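One structure is given here, and the rest of the page talks about it.
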Amino acid sequence: MDQAPRHTPPETLPLTGPGDHPMLDMPFHVEIDGRQYRGRGLSLVRAGISGLIDPHAAESERIALFVFPFQGFVVALSIEVRLKDIDPSRGTAALEFLEPMGEHLPQLRHLMNAHIAGDLVTLGDTLSVRPAEGRKPGTGAVPGQRGLRRLGGTLILLVSTVALLGLVATKVHERVFTRTLAIPAVAGVEGQTLAATATGQIDFLNPDAKSGEVAFAIRANTGQTLSVVLPCDCQVQVMGVQPGSTVFAGDPILRLSTPDAAVALTGTALPEELLDLARAGAIDVTFADGREVSARLAPDGLGTAAPGQPVPFRLLPDAPLAADLTGQLAEVTLHRPTPDLLRPLFDRSTPDIKADAP
């Protein structure tokens with residue numbers, strides 16, 4: 001037997017001992033911990049790799065994914081290995097298989113034999129490449145069966161295309177023609193709003209006031225104290241303020257309603273949402289308990305606010321709301337008017353959306 005050369009070429013690896021197998025030079029790469037390495041040689045018990053290798057990983061055990069590329073497909077095998085013979089200067093290392101007789105052995109032996117033979121014939125029940133001359137005459141499908149198969153394939157393609165178009169139409173409608181307000185609305189009793197008459201600080205607040213009594217007072221920035229009298233004997237709802245709160249002129253302070261008043265929806269919209277709210281063709285409201293209703297912006301439903309601040313709004317439901325919804329939060333979804341050309345497609349994908357508000 002000839003003596004081994006003194007210097008081992010970069011393309012091969014030394015054998016680990018007399019019981020090892022010869023290294024086979026075949027195309028593959030290895031992925032370890034998300035990093036990919038080029039294969040330098042492979043046997044049934046070990047492999048050689050090259051790349052950027054951590055020198056501190058010596059003698060560590062890892063799960064390596066061996067990937068063998070073929071024309072039109074790849075074969076991947078997971079093998080537990082131990083990193084050995086790491087050479088940081090050359091960027092090489094050896095992978096010693098922890099279980100050479102593991103479940104990967106039949107597939108690995110087959111791939112190596114197929115590479116030596118120059119042809120991949122079969123891989124269990126997964127891959128099969130048969131030569132053209134091996135087909136027996138008369139084993140193909142009859143013309144009628146081929147026609148039925150072709151028709152079935154066409155129908156499946158049409159159904160898949162229609163389903164895909166419906167999905168795309170739904171997603172386009174959600175992204176382009178709908179918008180959900182960032183701040184939820186709240187259901188409350190319909191009535192009259194008493195707003196701040198000046199910018200300043202709430203100095204006095206009396207929600208139990210009677211008709212003709214002072215309901216709240218504002219100490220304006222000018223130093224004056226402005227009082228607002230309750231105009232009626234009615235139910236009073238405080239709109240999120242308290243004594244000491246800073247308010248701007250036009251901010252809602254109290255909500256007045258009669259005992260038989262209906263339940264409406266109030267909220268605030270960000271400045272960039274105002275145009276969509278004003279132009280919405282339909283508005284859907286979804287409450288915290290899952291109930292859904294449609295609504296519309298009240299004729300005087302947009303309030304006033306300081307520049308850059310959320311603007312109060314009021315929505316009128318298309319159907320009377322149950323009294324138990326009072327105080328519940330609701331998600332407000334705006335639907336922009338759909339162009340006439342696209343309305344049939346979007347109306348089919350979202351049949352419960354109406355383009356025009358009643």
Some residue of segment 280-298 being small (Gly, Ala, Ser), at pLDDT 85 or above, in a strand (DSSP E or B) and open to solvent by 40 Å² or more (accessible area, probe 1.4 Å): yes
Verdict on Pro259 being at pLDDT 90 or above, part of a loop (DSSP other than H, G, I, E, B) and touching a strand residue (DSSP E or B) at 6+ places or on another chain (Cβ under 8 Å): no
Within segment 83-101, tally of residues that are at negative phi, outside any strand (DSSP E or B) and of a type outside the set (S, T, N, Q): 6
Residue count, segment 212-234 (criterion: under 24 Å from Ala262 (Cβ atoms) and open to solvent by less than 60 Å² (accessible area, probe 1.4 Å)): 4
Hits in segment 78-98 (condition: surrounded by 15 or more Cβ atoms within 10 Å (Cβ to Cβ) and aliphatic (A, V, I, L, M)): Ile79, Val81, Leu83, Ile86, Ala93, Ala94, Leu95
Count of residues meeting criterion [at pLDDT 85 or above, crowded, with 17+ Cβ neighbours inside 10 Å and assigned to a loop (DSSP other than H, G, I, E, B)] in segment 1-44: 3
Subset of segment 240-254 that is in a strand (DSSP E or B) and under 40 Å from the mean Cα position of the chain (by Cα) - its residue that is nearest to Thr304 (Cα to Cα): Pro252
Count of residues meeting criterion [part of a loop (DSSP other than H, G, I, E, B) and small (Gly, Ala, Ser)] in segment 45-62: 3
Number of the exception - Thr246 against (1) buried (at least 16 other Cβ atoms within 10 Å of the Cβ); (2) among the β-branched types (Val, Ile, Thr); (3) at pLDDT 80 or above: (1)
Members of segment 192-201 found to be touching a strand residue (DSSP E or B) at 6+ places or on another chain (Cβ under 6 Å) and either open to solvent by less than 80 Å² (accessible area, probe 1.4 Å) or more than 21 Å from Val311 (Cβ to Cβ) (or both), listed by number: Thr193, Leu194, Ala195, Ala196, Ala198, Gly200, Gln201
Counted residues, segment 45-73 - those being within 18 Å of Asn113 (Cα to Cα), modelled with pLDDT of 90 or more and open to solvent by 20 Å² or more (accessible area, probe 1.4 Å): 1
Condition check for Gln237: open to solvent by 40 Å² or more (accessible area, probe 1.4 Å), in a loop (DSSP other than H, G, I, E, B) and more than 17 Å from Gln309 (Cβ to Cβ): no
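The values are calculated or read from the model by the stated rules, or taken from the named source; none is laboratory data. Being a predicted model, the structure only gives us computed values, none of them experimental. Every residue, glycine among them, receives a Cβ derived from its backbone with ideal geometry; neighbour counts consider all protein chains shown. To get the accessible areas, we keep the full protein, side chains included, count just its heavy atoms, and leave off ligands, DNA and RNA. Shrake-Rupley method; radii C 1.70, N 1.55, O 1.52, S 1.80 Å.
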